[in-house]
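To start, the structure itself, in structure tokens.
The values are calculated or read from the model by the stated rules, or taken from the named source; none is laboratory data. Quick caveat: nothing in here was measured; it's all calculated off a predicted structure. Because the Cβ atoms are built from the backbone with ideal geometry, glycine has one as well, and the counts that use them run over all protein chains shown. Just so you know, the surface numbers come from the protein's heavy atoms only, side chains and all, with ligands and any DNA or RNA stripped out. Shrake-Rupley method; radii C 1.70, N 1.55, O 1.52, S 1.80 Å.
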Amino acid sequence: MKSGRLAVALLLVPPLVVFVGLYLLPLANIFVLSFFGFDRNTGRLGGVTLANYGKFLGDPFYLGILWRTLKLGVASTALALVLGYPVAYYLSRARGRRRAYLMLGILAPLLVSVVVRSFGWLVILGPNGLVNATLTSLRLVDEPLRLLYTETAIVLGLTHVFLSFMVLSIAAALDRIDPALLRAAQNLGASPRQAFVRVVLPLSLPGVAAGCLIVFTLATSAFITPALLGGPRVKVMSFLAYQQSLLLSDWPYGSAIAFVLLAITGTAVLLYLRLLERGRFGVVFR
Amino acid sequence: MRRAPTLLGAWTAAVYAFVMAPIVVVLLASLTAAEYTSFPPEGLSLRWYLAIPEHPEFLESFRISLVVALVTGAVATALGTPAALVLVRHRFRGRDALNAFFLSPLMLPAVVLGIALLQFYTLVGLTRTPLALVFGHLIITITLPLVRPGVVAGATFAVIVSFDDVSVALFLAGPHSTTLPVRIFSYIEQTFDPLATAVCSVLILIALAAVLVIERSIGLGRMFGEETTHD
């Protein structure tokens, strides 16, 4: 027994070493760095200070970017839920070949790089793109609308990129519902609508919550899609952190912004776990 | 129950059109004969595909992406599979914490990881090398055997995640280790001429080939860890 346990422990050593050395240590390093001062002229690091966080939280410009990031995250999550729930419901009721094809259509886009999928929206929303070409040919507008580099463009892109995760989470929850419950509801005189509202919908809420958590955290921390569809003018938190650290070499400030972002997504995850443990969905979650 | 399903079907069809639109639009726009990107494309030609070899940096980046993805996939599988076995099969104190630790990179904003790794690699002198990319991708893929059923599915998914990644690679790429998605990102940040549509289309076609191969062999749903309750 003893040697078996040792062998088991040894299997965990290599990935643990990699994770501590190449993941935990780097994270700890920038966490410490976020409390360092920085001289823009000499590029030198100063003593320990809260100035980076103070600079962020005290400036309406930076707070505006934080607010926009949250707003875009909530909007894309809501849009993904509205678009995705009926699809998940349809998917969970499909069987055989039809289900396989539907699943393929939801999963296949995940194999295409986010850069390419966001680029597609550049082509659709651009001045010579699909939307403007349609509007001008129908003579609804005289000159191309400015659709790119707007918050709307970012929400569309984010929703598109993360929609699959919403559909998959909800469909998984719907698949777990025992069909006997639906038959029971209908035998007891519930109309299909009542059966849906009173049985299916409540039982699917864990999937909705999981889907919303995934889409919200991914959307608020997304970087590539907002950078391409919003450009430098419509900045989000990730882009700000990237700009401050990589482009302006202010690593302490960039790190502080990164940790503000991490605090937001971390809070969302904790709220979700709280909900999972004892919230009013407690009974429903497996 | 007669009318509702049709409405539901129409909604589903519309959402699938939304999902497919950007991909189809890029494929069609790449066939343009014009000097600028437009949709619908003007004229029909393969000139922008033929222009790709004139930009060897794209081919070089493709090679780097492929090597990094394959090495990452191999190492992530070698390290992650035994750990996954242990974490699934054995019960011991701290198991849940360890599980959460290995899964945490999936919930971490990529930009946080990017900044952390670049800072760290600069300290240890590893920066801007293909090895830095492999190490970075290892963190986001080592977890995959934990959540995927089957070694092959986990390995395939790791290769794909590494090949497609932009957010982490953007921080770690150097002049001689720029992956293809990073190359495309930097290119379309400046301009979105039809060359970009052609390069993106090639990536889409590669993904399509991957979808077909995976669906035939291990099953796409299985790779994404879908619980197979049917069949």
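Here are the numbers for the structure shown:
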quantity	calculated
Pairs where the first residue, in segment A:171-186, is of a type in the set (Lys, Arg) and the second is open to solvent by 40 Å² or more (accessible area, probe 1.4 Å), C-beta under 6 Å, 6+ apart	none
Given (1) touching a helix residue (DSSP H, G or I) at 6+ places or on another chain (Cβ under 9 Å); (2) farther than 20 Å from B:HIS55 by Cα; (3) open to solvent by 10 Å² or more (accessible area, probe 1.4 Å), number of the condition B:VAL202 does not satisfy	(2)
Failed condition for A:GLY189, given (1) out of contact with any helix residue (DSSP H, G or I) (no Cβ under 9 Å at 6 or more places or on another chain); (2) farther than 26 Å from B:LEU117 by Cα; (3) in a helix (DSSP H, G or I)	(3)
Hits in segment B:54-94 - residues which are over 23 Å from the mean Cα position of the chain (by Cα), loosely packed, with under 15 Cβ neighbours inside 10 Å and in a helix (DSSP H, G or I)	B:GLU54, B:VAL88, B:ARG89
Residue within segment A:139-152 that is out of contact with any Lys or Arg (no Cβ under 6 Å at 6 or more places or on another chain), of a type outside the set (Ser, Thr, Tyr) and assigned to a helix (DSSP H, G or I) present	yes
A:ALA227 vs. criteria at pLDDT 90 or above, surrounded by fewer than 23 Cβ atoms within 10 Å (Cβ to Cβ) and of a type outside the set (D, E, K, R)	no
Flag if A:PHE239 is in contact (Cβ under 8 Å) with a residue 12 or more places away in the chain, farther than 21 Å from A:LEU57 by Cβ and crowded, with 21+ Cβ neighbours inside 10 Å	no
3 or more residues open to solvent by less than 10 Å² (accessible area, probe 1.4 Å), touching a Phe, Trp or Tyr at 6+ places or on another chain (Cβ under 8 Å) and touching a residue at least 24 places away in the same chain (Cβ under 8 Å): qualifying helices (runs of 4 or more DSSP H) within segment B:140-189	none
Scan of segment A:199-224 for residues that are open to solvent by 10 Å² or more (accessible area, probe 1.4 Å) and without any contact (Cβ under 8 Å) to a residue 24 or more places away in the chain, ordered by number	A:VAL199, A:LEU201
Long-range neighbours under 9 Å by Cβ, at least six apart or interchain, first residue without any contact (Cβ under 8 Å) to a residue 60 or more places away in the chain within segment A:243-262, second of a type in the set (Asp, Glu)	A:GLN244/A:ASP250
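Residue-by-condition table, conditions (1) more than 21 Å from the chain's Cα centre (by Cα); (2) surrounded by fewer than 21 Cβ atoms within 10 Å (Cβ to Cβ); (3) assigned to a helix (DSSP H, G or I); (4) not aromatic (Phe, Trp, Tyr):
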site	(1), (2), (3), (4)
A:GLY64	no, yes, yes, yes
A:ALA80	no, no, yes, yes
A:ALA100	yes, yes, yes, yes
A:SER118	no, no, yes, yes
